[in-house]
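Comments concern the structure below.
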Amino acid sequence: MTHLLEIDHLSVDLVTHRRYHKVLQDVSVTVEKAEVVSLVGESGSGKSMTARSVLNLLPAQGKMSGNIAFDGQSLMDSTSKDWQKFRATKAAMIFQDPRASINPVHRIGDFLTEALVHNRDMDRHEALERAATLLEQVGIDDARRRLRQYPHELSGGMLQRVMIASVLLIEPQLILADEPTTALDVTTQADVIAILDDLRAQREMAMLFITHDLELAAAFSDRIAVMYAGYIVEVSTPAQLHTRPLHPYTAALLRSRPMLHERTARLPQISGRPLSAFEAPPGCPFQDRCPYVQAQCGESLPQPQLIGGSIVRCHRASELELVSTAGAEGGQSHE
Amino acid sequence: MSDATSNTATANKVRRVDGPAVEVAGLRKVFRVSGGAGGRRHRDFVAVEGASFSLEQGHSLGIVGESGSGKTTIARMLVGIEKASGGTMNVAGRDRSAAAKSTSERRRRGSEMQIVFQDPYTSLDPRQSINGCINEVLKLHLTMTEPERRQRIIELLDQVGLTERQGLVLPKNLSGGQRQRVAIARALAAEPAVLVLDEAVSALDVSIQAQIINLLNDIRERTNMAYIFISHNLAVVRQVTDQTLVLKKGVVVEQGDTEKILDAPEDDYTKLLLASVPEPGWKPRRVNVD
């Protein structure tokens, strides 16, 4: 079976201070048609870079190895023209900050219809009609007036809806959403996520959703991939992840969240700080912060293994019994 | 009031206050905003409308709400960055409803209340070492000899989980979580009675956020300091505060014990806020907030 998106052993190096630094290591993940897969991780884990690689939006001089295939076709030999066409028709990205990614001197209507007029040769009036219909679907009243307005006249929540409309307009098969609601208020976030997921599902579009919020990812993803230091350490379903996490990092991350419904006397914290891929030690990238570390963890990089339907990269995954809530066990807080 | 416990190696100092640490009544802030393209017409925008609360020493008050609710404006009025349009503010037993008239008065207010901001990347001077930054606060607010100050810096760094070595570096050499620890150490250096934390853990990664929440709870337990904890994150407010005030568009819609408000909210807006937080079993719903 061909996957809609198949990322296979992807590694990425970027130049900082004239030296190559690893940002992604051996990342493999698939997204099926109409499926939602979330990439979850802390800053520097490589989740944004994974999404950017799919659209070839890496910074200049970025080096990519491995393979990315869309609908069975490898994208690795694409010319810049192919990439442009790919981004204009097959896959599109929703960015975190709509104010930074929507041109402030163009009217909303021009921004929304640009792709249709230029790439699809659609008549401008028809394109504006379509844009207006879609604005109403994403919950913006008085769409025709909005089309004549400039980005600064809209609130952040409104502008993110415009961004979503712009992506839906080109009817891609795959949406890449990079923390699309992180800058929004919680009530707006709930609304925007509901709209995005409804409209995406109706059109059978797949989505790669990037977030640092495990609960948000769990609310509407089919599968979740947890990233740490440029690696995918675990891929699982939301239910499985919350009841039986397999990687010590996933379990620790779940336990260290403050709970809405109960006060934890002391949050079980993970010592140290999250690492970037280039800082990771040889062997398992999580070894320095892991309470279950053994000699083998420093010796060899754990390879992905399949356990009960989940994929996990940990030498000890099959013997550990990890839990996801702080209350479920006693002395698990490691300083 | 019992003495602040000093069972740890480092002396934990906090200004002792009789009566409530903070008392605010009818606090109001009106901003004048230009009305139209001409700029001639102005209209008044009410950012905070009649907020009142009282906070005892050793307690922690959460101020929650969404953007534009006025929560940061309240903090800014309390520390004197913004002038109140009406109402009274009393911190550590002294009135600060009007702007400070002298440098010494401003300095005294600084030693009674300190603030930690959201972004640890912009709230430290990039050219000043960590030791230098804390030293400056000690010099300003306390009478200490040079060796005493050096000793106190080490104590403060230790209290927030930083090493002596880390005191020598510039902020750029520290991670976001470590910088936020520095900002907390700097605030503690003035030995304030009240610490204002404006979204102080919001920009941090989850694993670092847990460390800072634990640190804040430890410090409050040890020093009996009072916190005003401003946040949009209700789960974090649950962990750090014992009282909560919910703001919507500048108006207090609900206030009381944190547990009561989060377990049995009475106001519809509080209910909506709670229902919007993703958690196991949560399904995103289309809502219409106005």
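The table for this structure:
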{"read-out": "Criterion (crowded, with 20+ Cβ neighbours inside 10 Å and closer than 22 Å to residue A:276 by Cβ) met by exactly one of A:116, A:24, A:5", "value": "A:24"}
{"read-out": "Residue in the range B:123-132 that is more than 18 Å from residue B:225 (Cα to Cα) and touching a Ser or Thr at 6+ places or on another chain (Cβ under 8 Å) present", "value": "no"}
{"read-out": "Residue that is of a type in the set (S, T, N, Q) and in contact with a helix residue (DSSP H, G or I) (Cβ under 7 Å, 6 or more places away or on another chain), where the choices are B:97, B:111, B:52", "value": "B:111"}
{"read-out": "Test: residue A:190 is in a helix (DSSP H, G or I), at pLDDT below 95, within 29 Å of residue B:231 (Cα to Cα) and within 14 Å of chain B (Cβ to nearest Cβ)", "value": "yes"}
{"read-out": "Residues located in the range A:193-238, provided they are at the interface with chain B (Cβ under 8 Å from one of its Cβ atoms) and of a type in the set (Gly, Ala, Ser)", "value": "A:194, A:218, A:219"}
{"read-out": "Qualifying residue in the range A:298-308 (condition: modelled with pLDDT under 95 and either crowded, with 24+ Cβ neighbours inside 10 Å or within 12 Å of chain B (Cβ to nearest Cβ) (or both))", "value": "no"}
{"read-out": "Hits in the range A:258-284 (condition: more than 14 Å from chain B (Cβ to nearest Cβ) and not aromatic (Phe, Trp, Tyr))", "value": "A:277, A:280, A:281, A:282, A:283, A:284"}
{"read-out": "For residue A:131: the one exception among (1) surrounded by fewer than 20 Cβ atoms within 10 Å (Cβ to Cβ); (2) more than 24 Å from the chain's Cα centre (by Cα); (3) not β-branched (Val, Ile, Thr)", "value": "(1)"}
{"read-out": "Residue match in the range B:86-93 (condition: over 17 Å from the mean Cα position of the chain (by Cα) and farther than 17 Å from residue B:194 by Cβ)", "value": "yes"}
{"read-out": "Residue in the range B:232-253 that is polar (S, T, N, Q), within 25 Å of residue B:156 (Cβ to Cβ) and within 13 Å of chain A (Cβ to nearest Cβ) present", "value": "yes"}
{"read-out": "One residue from A:263, A:255 being surrounded by fewer than 23 Cβ atoms within 10 Å (Cβ to Cβ), of a type outside the set (A, V, I, L, M, F, W, C) and modelled with pLDDT of 90 or more", "value": "A:263"}
{"read-out": "Given (1) of a type in the set (S, T, N, Q); (2) more than 9 Å from chain A (Cβ to nearest Cβ); (3) at negative phi, number of the condition residue B:276 does not satisfy", "value": "(2)"}
{"read-out": "Selection count where residues are charged (D, E, K, R) and not in a helix (DSSP H, G or I), scope the range A:124-151", "value": "3"}
{"read-out": "Matching residues, the range A:37-72, being charged (D, E, K, R) and surrounded by fewer than 16 Cβ atoms within 10 Å (Cβ to Cβ)", "value": "A:63, A:71"}
{"read-out": "When residues of the range A:169-183 are limited to those that are modelled with pLDDT under 95 and either surrounded by 22 or more Cβ atoms within 10 Å (Cβ to Cβ) or over 24 Å from residue A:253 (Cα atoms) (or both), the one nearest to the other protein chains (Cβ to nearest Cβ)", "value": "A:181"}
{"read-out": "Flag if residue A:290 is in the same structural domain as residue A:230 (by TED's automatic domain parsing), surrounded by 15 or more Cβ atoms within 10 Å (Cβ to Cβ) and over 30 Å from residue B:281 (Cβ atoms)", "value": "no"}
{"read-out": "Unique residue being touching a Ser or Thr at 6+ places or on another chain (Cβ under 9 Å), farther than 24 Å from residue A:51 by Cα, among the basic types (Lys, Arg) and touching a residue at least 24 places away in the same chain (Cβ under 8 Å) when the list is A:223, A:255", "value": "A:255"}
{"read-out": "Residue in the range A:73-80 that is crowded, with 18+ Cβ neighbours inside 10 Å and in contact with a Leu (Cβ under 7 Å, 6 or more places away or on another chain) present", "value": "no"}
{"read-out": "Failed condition for residue A:182, given (1) part of a loop (DSSP other than H, G, I, E, B); (2) of a type in the set (Val, Ile, Thr); (3) more than 21 Å from the chain's Cα centre (by Cα)", "value": "(3)"}
{"read-out": "Which listed residue is at pLDDT below 95, surrounded by fewer than 18 Cβ atoms within 10 Å (Cβ to Cβ) and touching an Asp or Glu at 6+ places or on another chain (Cβ under 6 Å), from B:97, B:67, B:102", "value": "B:67"}
{"read-out": "Any strands (runs of 3 or more DSSP E) falling wholly within the range A:30-118 and containing at least 1 residues that are under 21 Å from residue A:231 (Cβ atoms)", "value": "A:36-40, A:63-70"}
{"read-out": "Number of positions in the range A:118-165 that are among the polar types (S, T, N, Q) and touching a residue at least 24 places away in the same chain (Cβ under 8 Å)", "value": "4"}
{"read-out": "Some residue of the range A:82-95 being aromatic (Phe, Trp, Tyr) and in contact with a helix residue (DSSP H, G or I) (Cβ under 8 Å, 6 or more places away or on another chain)", "value": "yes"}
{"read-out": "Residue pairs meeting the criteria (Cβ under 7 Å; at least 6 apart or on separate chains; first more than 7 Å from every other protein chain (Cβ to nearest Cβ), in the range B:199-214; second part of a helix (DSSP H, G or I) and not hydrophobic (A, V, I, L, M, F, W, C))", "value": "B:200/B:180; B:201/B:209; B:203/B:176; B:204/B:176; B:204/B:177; B:204/B:180; B:212/B:177; B:212/B:180"}
{"read-out": "Positions within the range A:202-216 being outside any loop (DSSP other than H, G, I, E, B) and of a type outside the set (A, V, I, L, M, F, W, C), in sequence order", "value": "A:202, A:211, A:215"}
{"read-out": "Residue within the range A:144-159 that is within 29 Å of residue B:204 (Cα to Cα), touching a Pro at 6+ places or on another chain (Cβ under 6 Å) and of a type in the set (A, V, I, L, M, F, W, C) present", "value": "yes"}
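The values are calculated or read from the model by the stated rules, or taken from the named source; none is laboratory data. In this text, all values refer to a predicted model and were calculated from it rather than measured experimentally. A quick note on method: Cβ atoms are made from the backbone with ideal geometry, for glycine too, and the neighbour counts reach across all protein chains shown.
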